[in-house]
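The values are calculated or read from the model by the stated rules, or taken from the named source; none is laboratory data. As the structure is a computational prediction, the values presented were derived from the model and not from experiment. Methodologically, a virtual Cβ is constructed for each residue, glycine included, from the backbone with ideal geometry; neighbour enumeration extends over all protein chains shown.
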Amino acid sequence: MNYFELYGLPVSLKVNKQQLAQSYIELQKKHHPDFFSQETEYEQAEALELSSEVNKAYNTFKNEDATIKYVLQLKGLLQEEEKYQLPPDFLMEVMELNETLSEGTSPQIDQFSKEIFDEVKDIIENYNDSSITTAALLKVKEYYFKKKYLQRILERLVD
């Protein structure tokens, strides 16, 4: 069972936060290990495992990047620890930006991040699992890696 099935939510790159919160509460009420303290060891272990999955799914869905990663993995388009080759023009732009890095460049990176999001905004916000194409998901995959790359630059600024 995948996280979307567990939560009774449609597969999406952007989870409805209100539905997520409601489903989380219902699942916790139903599967929290404390409610199984009088049950058999097997039932307690099963409840603990399911409760753990509920929490992992919730944390994934709360984070938009983690949700994108999860959907791409679910679709078989992203492997754990995958080495993705970013386009040379993107790398050149980032290299130029990187040369001018200082504490005041965070707004420049934020603007650059917004520009790369705009390329996939419609796909992410209007995702339909039954009609999404592999080509569209591959654009989202590239966006995911670009954003991850920019995030590392921002983290270096903070350090």
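Below, the figures for the structure above:
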item: Matching residues, the range 127-146, being assigned to a loop (DSSP other than H, G, I, E, B) and exposed (fewer than 13 other Cβ atoms within 10 Å of the Cβ); result: ASN128, SER130, SER131, THR133
item: Selection from the range 73-112 of residues that are of a type in the set (Gly, Ala, Ser) and in a helix (DSSP H, G or I); result: GLY104, SER106
item: Test result for ILE68, touching a Lys or Arg at 6+ places or on another chain (Cβ under 7 Å) and assigned to a helix (DSSP H, G or I); result: no
item: Check on LEU48, in the same structural domain as LYS17 (by TED's automatic domain parsing) and over 20 Å from the mean Cα position of the chain (by Cα); result: yes
item: Some residue of the range 24-39 being at pLDDT 95 or above, within 29 Å of GLU115 (Cβ to Cβ) and assigned to a helix (DSSP H, G or I); result: no
item: Failed item, numbered, when GLU115 is tested on (1) modelled with pLDDT of 85 or more; (2) not in a helix (DSSP H, G or I); result: (2)
item: GLU96 within 15 Å of the chain's Cα centre (by Cα), at pLDDT below 90 and either exposed (fewer than 13 other Cβ atoms within 10 Å of the Cβ) or of a type in the set (A, V, I, L, M, F, W, C) (or both); result: no
item: Selected residue (criterion: nearest to TYR149 (Cα to Cα)) from residues of the range 57-77 that are over 12 Å from the mean Cα position of the chain (by Cα) and surrounded by 14 or more Cβ atoms within 10 Å (Cβ to Cβ); result: LEU77
